[in-house]
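Novice: Pasting in a structure now, in structure tokens, and then I'll have a few things to ask.
The values are calculated or read from the model by the stated rules, or taken from the named source; none is laboratory data. Keep in mind the model is a prediction, meaning the values are calculated, not measured. Every residue, glycine as well, gets a Cβ built from its backbone with ideal geometry; the counts of neighbours run over all protein chains shown.
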Amino acid sequence: MIFESWEWKKELRERMRQFLRYNTKDNFDCDSEKTCFRLERSLLYSAFIIRFLIESEKLSNDADTFSINVTYYLPIKHINRLHCWIDDDKYDWGVPKIQTVLGKNICNWLIHSYMFNFLYEESGSVTGFFVASDYDRNRALYTVNLKDWLKFVEFVISDDVVSMTTKFDKKRSDYVITDKKRGARK
């Protein structure tokens with residue numbers, strides 16, 4: 001549990017600024033390994049921070065239920081440690097499917113990623129990422145658009161819980177948060 005979310009949101013903003021700063025053709029041309037590391041670090045740290053904020057009840061219901069459209073592909077071969085690369089012969093690329101998922105689910109996929117790779121445009125910069133968690137690696141490979149991910153991150157950064165409703169749960173012997181309203185701080 002964290003006490004104050006503001007510092008974490010500030011860190012989240014810095015991670016996204018780093019992602020945007022290093023996601024250029026020049027950086028990839030100069031040192032692609034270092035650039036990939038910086039982008040991976042920014043993306044993975046952002047997933048950890050967002051999940052930490054959600055689990056600490058520091059985000060509104062609106063942020064908890066923020067949805068993102070993703071594309072996914074079904075595997076046509078068994079995915080395991082020796083066959084975990086994103087190759088042409090492993091997925092049914094001709095039949096993309098669309099699904100709406102919670103942003104926090106994408107955080108979980110990233111944190112528990114079994115497969116991960118960036119999706120690049122022809123100019124050389126990243127436009128999205130492929131991800132499959134250890135849990136669903138043989139069910140689907142998801143593609144997340146970078147603009148959609150950044151929109152989610154910005155939503156989390158700007159999220160302020162202005163009121164909260166709790167009730168005591170006798171079975172848990174603890175208070176349970178039932179509602180968290182989003183608004184602007186006064």
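Novice: Please tell me if Thr100 is loosely packed, with under 11 Cβ neighbours inside 10 Å and at pLDDT 95 or above. Full working, then the answer.
Specialist: On the way: loosely packed, with under 11 Cβ neighbours inside 10 Å: yes; at pLDDT 95 or above: yes.
So Thr100 passes the test.
Novice: Look at region 157-186 and say how many of its residues are under 27 Å from Ala47 (Cβ atoms) and surrounded by 10 or more Cβ atoms within 10 Å (Cβ to Cβ).
Specialist: The total comes to 15.
Novice: Can you tell me which residue in region 63-73 is farthest from Val156 (Cα to Cα), limited to those that are loosely packed, with under 14 Cβ neighbours inside 10 Å and not small (Gly, Ala, Ser)? Show your work before the answer.
Specialist: Here is the first cut: in region 63-73, the ones loosely packed, with under 14 Cβ neighbours inside 10 Å are 65, 67, 69.
This time we only want the ones that are not small (Gly, Ala, Ser), so: 65, 69.
Numbers: Thr65: 11, Asn69: 17 Å.
Among residues in region 63-73 that are loosely packed, with under 14 Cβ neighbours inside 10 Å and not small (Gly, Ala, Ser), the one farthest from Val156 (Cα to Cα) is Asn69.
Novice: Right, next: Go through region 121-147 and give me each residue that's in a strand (DSSP E or B) and among the hydrophobic types (A, V, I, L, M, F, W, C). Walk me through how you get there before you give the answer.
Specialist: Taking region 121-147 and keeping what is in a strand (DSSP E or B), we get 126-133, 141-145.
Of everything in region 121-147, those that are in a strand (DSSP E or B) and among the hydrophobic types (A, V, I, L, M, F, W, C) turn out to be Val126, Phe129, Phe130, Val131, Ala132, Leu141, Val144.
Novice: Every residue in region 139-167 that is closer than 23 Å to Tyr91 by Cα and basic (Lys, Arg), please.
Specialist: Arg139, the sole residue that qualifies.
Novice: If you don't mind, there's one more thing I want to ask. How many of the residues making up region 1-33 are under 17 Å from Thr127 (Cβ atoms) and among the small types (Gly, Ala, Ser)?
Specialist: Going through region 1-33 one residue at a time, the tally reaches 1.
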